[in-house]
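What follows is calculated from the coordinates using simple rules that are stated; it is not laboratory data. Being a predicted model, the structure only gives us computed values, none of them experimental. For neighbour counting, all protein chains shown are included, and Cβ atoms are generated from backbone atoms with ideal geometry for every residue, glycine included.
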Amino acid sequence: MDPHAHIFVAGGGTLTGAALRRRLAAGGFCRLVGAGEEEPDPTRQEAVEHFFERVRPEYVFVTAGKTAGIAGNQRAPAELMCDNLEVAGHIVPAAWRFRVRKLLYLASSCVYPKYAPQPLRPESLWSGPLEQTSAAYAVAKLAGITLCQAFRQQHGAPFVTAISADAYGPGDDCSLENSHVIPGLLRRIHNARVSDAPTVEIWGSGRPVREFLYADDLADACIFTMEHHDDDAPLNLGTGVQTSIADLAVLVQTVVGYRGELRFDTSKPDGIPFKGLDSSRMHSLGWQPSVDLREGLERTYRDFLARVHQTRGTNL
């Protein structure tokens, strides 16, 4: 990418979007547009069209769209689906109409079928039913991928897509209502430590296996993808290292310094049983993650503590 080109990160306030803006700025890309209040509401077509016409971004990263963990997906599937459909339906066509030089649309690994062969490969997309706890959100992200592919097919648009492992890192949403597994565990176990609670309840059996990617590594992977990937098929962005929820909980317990008991509530849903990505293609292109899970958790927890301190309480 030209370091002087106009670069727009749609969803600059999300975990991944914020990390992307940091990494782009650190990499010398000096013309980041649409930051903060200048970012158009992606769910409003008129706002998106006006922004693209006025600013003329040359490179677009699409990280916008509401997201949530299992609880949030069950509570508000229609809201999550509509929001993400609107994001793709407004930004992708506008990028074509205003002739961006390249666009990257980022999806999450929940787009893969629940029982697809492991590790997950792009060839398995659409080959079976989705995990029901996140199906509405996943269908919306699949629609975004397919829309980019349709523009490539019909117009030769320079649009590429990628599928990320579960992202986490500083600035993550630690609310009990919407958090994903890592920030949710950090908050629950932290609260148990400061309140001297003897036990912490964790959703599910602990058996499901997940793959986690530190947000700054994901940002680097997105930039690498923008510069090195030009293909119709999505590119998996992951570490190649999988961890069970039970092992993750013990690691979070160690990082937080909690000495109580972890109890798994098997009456709560597990979600998809195994979610690891085959990222060999990405790795063969020359990209590798730099932050392992233990270090990433420690950084994320330090950020969590700093935010707790700023709010002068034990909860965010």
Cα pair count fraction exceeding 17 Å, expressed as % - segment 92-198: 65 percent
Cα principal axis extents for segment 225-293, largest first, Å: 49, 27, 16
Shape box of segment 1-78 [Cα atoms, principal axes, largest first, Å]: 43, 29, 19
Cα-Cα separations in segment 1-40 greater than 17 Å, expressed as whole percent: 21 percent
Folded to 0 to 90 degrees: helix 77-97 orientation relative to the chain principal axis, Cα: 30 degrees
Degrees between helix 181-194 axis and first principal axis of the chain (Cα, 0 to 90, nearest 10): 30 degrees
Long-range tail of P(r) for segment 180-316 (Cα pairs > 25 Å, %): 37 percent
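When the Cα atoms of segment 126-260 are enclosed in a convex hull and the volume is divided per residue, what value in Å³ results?
Working: hull volume 18.0 nm³, N = 135.
With only Cα atoms used, segment 126-260 gives 134 Å³ per residue.
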Unsatisfied cross-links (Cα-Cα over 19 Å) in the set Lys114/Lys141; Lys66/Lys141; Lys141/Lys268: Lys141/Lys268
Global size of the chain as Cα Rg and Dmax, reported in angstrom: 19.2, 60
Glu211, Glu49 arranged by Cβ crowding within 10 Å, fewest neighbours leading: Glu49, Glu211
Aspartates and glutamates whose Cα lies under 19 Å from that of Lys102, excluding same-chain neighbours fewer than 8 positions away: Asp2, Glu39, Glu49, Glu53, Glu58, Asp220, Glu227, Asp230, Asp231, Asp232
Relative contact order computed over segment 165-312 (Cα-Cα under 8 Å; 6+ residues apart), in percent: 36 percent
q = 0.34 Å⁻¹: log10 I(q)/I(0) that the Debye formula gives for segment 99-141, counting C-alpha atoms only: -1.29
